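Novice: Have a look at this one before I ask anything.
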Amino acid sequence: MCLELVGLSKAFNNGKQGGATPVLAAVNLRIERGQFVSIVGPSGCGKSTLLRIISGLESSFEGDVILEGRRITGTSQEIGLVFQQYALFPWRTMLENIEMGLEIMGVSKEERRALAREYIRAFGMSGAEDRYPSQLSGGMQQRVAIARTLIMKPRIILMDEPFGSLDSQTRNDMQEFLLQVWQERNETIVFVTHNVDEAVFLSDRIVVLSRRPASILKHFEINFARPRDRTAREVNEVRHEVINILREQRREQDTWITRPHVEAAGS
Ligand SMILES: Nc1ncnc2c1ncn2[C@@H]1O[C@H](COP(=O)(O)OP(=O)(O)OP(=O)(O)O)[C@@H](O)[C@H]1O
Ligand SMILES: [Mg+2]
């Protein structure tokens, strides 16, 4: 077993209004080594907060994050996070962005450049190493962001809607690219997405979160062989089931938002 989340709860303070908004409600999850797990849930339910806690970026929360038997606190090289907005440094070239983590670690220039060039080649970007992020397509920027994380050899890769801003064709290409990288390296990936089709296409398992405060509503084990046919009947069946659960959550949320007005009108 690779990653275990035990009773993760989190609330954000409401600033001047006082009080606190609960965002996560006792999330328990076990992820096996090498699994590709997607997390889906209603908008604003706490998905990014969950990834931020796992990656060590949130300091105040309840519960434990356990990586291969050890409780972890704070950020660590063993856990890599890829954001939706590639978060590349605009003043650094592709090569300089990819080598950055190694540079911070004190790896020699020669060594880190050689390694960064290997990733650039493996990721199909040779010839573009000296370009700046603004000179790269969205798909390429995302590949740079993934390469920059993978070069640090994390045990777990967390991805927060990494393909959310790509057009649909580039998104499909990037999904296939990510699967290929994952299969070659046998990584453990925790992948947050809004896109149920993407989750079914990619994952070994889909975890569906409730509306805020998020708790786990359901797990789907997906054993279909890869590469998957996006239009196959069994793929569609899972898709429908997940979409129905999410729709139900949205309906509950809408009822919850409108209820005070209904009560006020009735009283
Ligand atoms: N730093 C913060 N301070 C206060 N509230 C926050 C903070 N970060 C997030 N929140 C609130 O916590 C809730 C969950 O946010 P989070 O970003 O984790 O949701 P999400 O599921 O990733 O949303 P989305 O689907 O829009 O990406 C939201 O209501 C958000 O407004
Ligand atoms: Mg989010």
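Novice: Any lysines with Cα under 21 Å of the K109 Cα? List them, leaving off those in the same chain fewer than 8 positions away.
Specialist: K153
Novice: Now, a different point. Please give the calculated 222 nm ellipticity per residue for the chain, where each DSSP H segment of at least 4 residues contributes -39500 (n - 2.57) and the sum is spread over every residue; nearest 500 deg cm²/dmol? Write out the running numbers ahead of the final one.
Specialist: Details: 8 runs with 105 residues, N = 267.
Computed mean residue ellipticity for the chain: -12500 deg cm²/dmol.
Novice: Determine the share of segment 86-153's accessible area contributed by carbon and sulfur atoms, expressed in whole percent, with a 1.4 angstrom probe.
Specialist: Values: 1720 of 3360 Å².
Percent of accessible area from carbon and sulfur atoms in segment 86-153: 51.
Novice: Average the reciprocal distances over every distinct pair of alpha-carbons in segment 140-267, invert the result, and give the Kirkwood radius in Å.
Specialist: Values: mean 1/r = 0.0598 Å⁻¹.
After inverting the pairwise mean of 1/r, the radius is 16.7 Å.
Novice: Further question on the same structure: If you plug each phi of segment 177-185 into the Karplus form 6.51 cos²θ - 1.76 cosθ + 1.60 with θ = phi - 60°, what whole-Hz ³J(HN,Hα) values come out, in order, with x for Gly and Pro?
Specialist: 4, 5, 4, 4, 4, 4, 5, 5, 9
Novice: Work out from phi, with θ = phi - 60° and the Karplus expression 6.51 cos²θ - 1.76 cosθ + 1.60, the ³J(HN,Hα) of each residue of segment 16-32, listed in order in whole Hz, and give x for Gly and Pro.
Specialist: Per residue, the Karplus-derived 3J(HN,Hα) values read 5, 5, x, x, 9, 9, x, 10, 10, 10, 6, 7, 10, 7, 10, 10, 7 Hz.
Novice: May I ask what percent, to the nearest 5, of DSSP beta bridges between residues of the chain are antiparallel?
Specialist: Details: 20 of 38 bridges.
Roughly 55 percent of the DSSP beta bridges within the chain come out antiparallel.
Novice: Further question on the same structure: Around C45, what is the net charge, scoring Lys/Arg as +1 and Asp/Glu as -1 over all other residues with Cβ under 15 Å from its Cβ?
Specialist: Details: positive: K10, K47, R52, R211, R212, K218, R247, R250, R251; negative: D160, E161, E248, E252, D254.
Here the count lands on +4.
Novice: Report, please, the projected area of the chain averaged over directions, based on the convex hull of its C-alpha atoms, in nm². Don't skip to the end; give the middle numbers.
Specialist: On the way: hull surface 68.4 nm².
Here the figure is 17.1 nm², rounded to one decimal.
Novice: Additional query: If I take the Cα coordinates of segment 1-62 and project them onto the principal axes, what are the three extents in Å, biggest first?
Specialist: Result for segment 1-62: principal-axis Cα extents of 44, 23, 18 Å.
Novice: Over 10 Å intervals from 0, what percent of Cα-Cα pairs in segment 86-153 sits in each interval?
Specialist: 24, 61, 15, 0
Novice: Using a 1.4 angstrom probe on heavy atoms only, work out the carbon and sulfur share of the accessible area of segment 20-67 in %. Can you show the working numbers first?
Specialist: Numbers: 790 of 1750 Å².
Roughly 45 percent of what the probe reaches on segment 20-67 is carbon or sulfur.
Novice: Still on this structure, I have one more. Going by average Cβ neighbours within 10 Å, how do the peptides 105-111, 77-83, 181-187, 48-54 rank, with the highest at the top? Mind showing how you got there, number by number?
Specialist: Details: 105-111: 10.1, 77-83: 19.4, 181-187: 14.1, 48-54: 21.4.
Packing proxy ranking, top to bottom: 48-54, 77-83, 181-187, 105-111.
Novice: Shifting gears a bit: From Cα pairs below 8 angstrom and at least 6 apart in sequence, can you work out the relative contact order of the chain, rounded to a whole percent? Show your work: numbers first, answer last.
Specialist: On the way: 451 pairs, mean separation 66.4, N = 267.
Contact order relative to length: 25 percent.
Novice: Can you give the accessible area per residue of segment 86-153, in Å², using a 1.4 Å probe? Present the calculation step by step, with values, prior to reporting the outcome.
Specialist: Values: 3360 Å² over 68 residues.
Ligands and nucleic acids excluded, the figure is 49 Å² per residue.
Novice: Taking Cα atoms, how many degrees apart are the long axis of helix 138-150 and the longest axis of the chain, rounded to 10 and kept between 0 and 90?
Specialist: Here the helix axis deviates by roughly 80 degrees.
The values are calculated or read from the model by the stated rules, or taken from the named source; none is laboratory data. In this text the structure is predicted, and so the values were computed from the model without any measurement. Neighbour counts are summed over all protein chains in view; Cβ atoms, including those assigned to glycine, are modelled from backbone coordinates with ideal geometry. Please note that ligands, DNA and RNA were not included when accessible areas were found on the heavy atoms of the full protein model with its side chains. Shrake-Rupley method; radii C 1.70, N 1.55, O 1.52, S 1.80 Å.
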